[in-house]
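Notes follow once the structure below has been shown.
Any read-out appearing in this document is the output of simple, stated calculations on the displayed coordinates, not a laboratory observation. Quick caveat, the model's predicted, so the values are computed rather than measured. FYI the Cβ positions are ideal-geometry reconstructions off the backbone, even for glycines, and counts take in every protein chain you see.
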There are 2 protein chains.
Amino acid sequence: MNETIKTQLEHRTIREFTDKKISNDILKILLDVANQTASSNGMQNSSIIRITDQNIKDELAKIGNQEYMRRCPELFIFIVDLYRNYNIAKEMGNENNIMINFDKFIQGFTDGVLQSQNFTIAAESLGLGANFYGNIHNDTKKVIELLKMPKLTYPIVGVGIGYPNQKPQLKPRMSLSNKLYTNSYEFKVSYLDSIKDYDKEMRDYYDLRDSNKRSDAFSTQILKKQGSIIKNREKMFDTLEEQGFVIKK
Amino acid sequence: MNETIKTQLEHRTIREFTDKKISNDILKILLDVANQTASSNGMQNSSIIRITDQNIKDELAKIGNQEYMRRCPELFIFIVDLYRNYNIAKEMGNENNIMINFDKFIQGFTDGVLQSQNFTIAAESLGLGANFYGNIHNDTKKVIELLKMPKLTYPIVGVGIGYPNQKPQLKPRMSLSNKLYTNSYEFKVSYLDSIKDYDKEMRDYYDLRDSNKRSDAFSTQILKKQGSIIKNREKMFDTLEEQGFVIKK
């Protein structure tokens, strides 16, 4: 096992950081890695907004409802960006609606997620800790206003990085026997039975986010997390249309 | 610069491979890395289908319209999978439509893309080459039929890996000055001007995929690639609904 894979298998979310600043040289390397990431059709339909303004960080933490987001030393928001290429085409007299349809949105979204993961591993390989902030989806409309994002752009995910000030337990994952299939999708007789051991593992796991209490069983978490609703997350669709993406023909 | 970052900055798409088999030990490590990847809310709403059947590979290559896909030694299709957790909740008597709405779809989609990137870097760190297959989006309905995927699942991206039999040039990327902003989105006076140097760089770059011809300028590629249409890609939305995802309330 090499250092890269060791880093990857040691991945855990870091939410608390020391005061040590990340040097500009390191930030440049991480961003270069993000930029070298594969991109759908080579179109590079994503961009990155670095948040250095504490007020904006505070607002994002409010939207995301995760107070520790305010304290992450460096915060980067990855966004879908069809605005750039659309404008290049427009200046060439050739813009059209195909360029901004849902398929192209999905391509840009994929590009940005790939970049965020590549960026994160690079950071972790240098001893930094990282936290993905999917919480910006709690209210993408507010995020768009806050970051003054134009039409044809959309927030994907945030990544906060810094030098770790905590060493959480590795969070258990559901076994690959539940997630990996060969040649076609494979079914279980009982899904609940198939995660029995995992349910127990999760109950024994301490999530530092939740004041050192043990976790719920995974099945209980599904009901709480996946079965519950954050109102503005339901509006993603409307916001996509307001942002000018062509959803249906 | 460490080995991880060196690997990341050397990323290039590999389309042709030697006959050398990837050992089961290595495959296991790569899949373990995928499984340790961060996941939205810890819900792990993605799965992986390994394609070992040459007939299925051939069919996927036809759908994707990329002949070399047939020859990739190992092929993995990452998919959104809300089916698993929905069934766990159902067995507990608690399923509801919130669990399968568009927000949850996007979370599963993000999880799968993060995994595909993590998997790819692990492979590259071991000297393997990789190719992302976004081309499965050419006709996701056919992919779903071919892989016998149930409702509440959806194809995200394929990754083909093997030992490289080519060493393509590094593909130039648009400068970060076009993609990186601070605190809010930043605009250009002319987007076409801002990529002048990049246009020239791309013209000088040889894409091995295209029989060793030089590439088009990036701006020309936008018109060809982003401005053109593959008919069934337009149906993503209908297919999402057929797959049972709740798109609108």
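Quick look at the values:
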{"quantity": "Semi-axis lengths (Å, descending) of the ellipsoid that matches the C-alpha gyration tensor of the range B:55-111", "calculated": "33, 12, 9"}
{"quantity": "Equivalent ellipsoid dimensions for the range A:93-235 as semi-axes, Å, which come from the Cα gyration tensor, largest first", "calculated": "32, 23, 18"}
{"quantity": "In order through the range B:30-39: 3J(HN,Hα) via Karplus (6.51 cos²θ - 1.76 cosθ + 1.60), integer Hz, x for Gly, Pro", "calculated": "4, 6, 5, 4, 4, 6, 8, 4, 4, 9"}
{"quantity": "Mean projection area, nm², convex hull over Cα of chain B", "calculated": "16.5 nm²"}
{"quantity": "Between the range A:187-249 and the range B:53-106, the alpha-carbon center distance in angstrom", "calculated": "18 Å"}
{"quantity": "Overall Cα dimensions of the range A:169-242, principal axis frame, Å, largest first", "calculated": "44, 42, 20"}
{"quantity": "Rough spin-label spacing in nm, given labels placed 7 Å along Cα→Cβ, for A:Lys6 and A:Leu208", "calculated": "2.1 nm"}
{"quantity": "Most positive-pole-ward Cα, A:Gln44, A:Phe17, A:Phe78, against dipole of the range A:3-168 from beta carbon charges", "calculated": "A:Phe17"}
{"quantity": "For chain A, built as a Gaussian network whose Cα springs stay under 10 Å, the top-fluctuating residue of A:Asn35, A:Asn87, A:Asn178", "calculated": "A:Asn178"}
{"quantity": "Residues of type aspartates and glutamates that A:Lys200 reaches as a straight line, Cα spacing below 14 Å, ignoring anything fewer than 8 places off in the same chain", "calculated": "A:Asp216"}
{"quantity": "Out-of-range pairs (alpha-carbon distance over 19 Å; input A:Lys167/A:Lys213; B:Lys62/B:Lys213; A:Lys248/B:Lys248)", "calculated": "B:Lys62/B:Lys213"}
{"quantity": "The protein assembly as shown, dipole about Cα centre (Lys/Arg Cβ +1, Asp/Glu Cβ -1), debye to the nearest 20", "calculated": "280 debye"}
{"quantity": "Least to most buried among A:Thr7, A:Thr239 (fewest other Cβ within 10 Å first)", "calculated": "A:Thr239, A:Thr7"}
{"quantity": "Set of aspartates and glutamates with alpha-carbon distance to B:Lys231 below 12 Å, sequence-local pairs under 8 removed", "calculated": "A:Asp103, B:Asp139"}
{"quantity": "Inter-copy label distances at A:Asp197 (7 Å, Cα→Cβ; nm, one decimal)", "calculated": "5.5"}
{"quantity": "Proximal charge balance of B:Gln44 [Cβ under 10 Å; K/R count +1, D/E count -1]", "calculated": "+1"}
{"quantity": "Residues of type lysines that B:Lys151 reaches as a straight line, Cα spacing below 16 Å, ignoring anything fewer than 8 places off in the same chain", "calculated": "A:Lys179, A:Lys188, B:Lys90, B:Lys104, B:Lys141, B:Lys142"}
{"quantity": "Per-pair calculated FRET efficiency, R0 = 25 Å: B:Lys20 and A:Ser184 via Cβ, rounded to 0.05", "calculated": "0.40"}
{"quantity": "Rounded FRET efficiency, nearest 0.05, which uses the C-beta distance separating B:Glu241 from A:Asp193 and R0 of 45 Å", "calculated": "0.90"}
{"quantity": "Simple Cβ-charge dipole of the range A:169-242, Lys/Arg +1 and Asp/Glu -1, about Cα centre, in debye nearest 20", "calculated": "280 debye"}
{"quantity": "q = 0.11, 0.13 Å⁻¹, the protein assembly as shown: log10 I(q)/I(0) [Debye, one scatterer per Cα]", "calculated": "-0.91, -1.36"}
{"quantity": "Under 15 Å, Cβ to Cβ, from B:Tyr191 - net charge with Lys/Arg +1 and Asp/Glu -1", "calculated": "-1"}
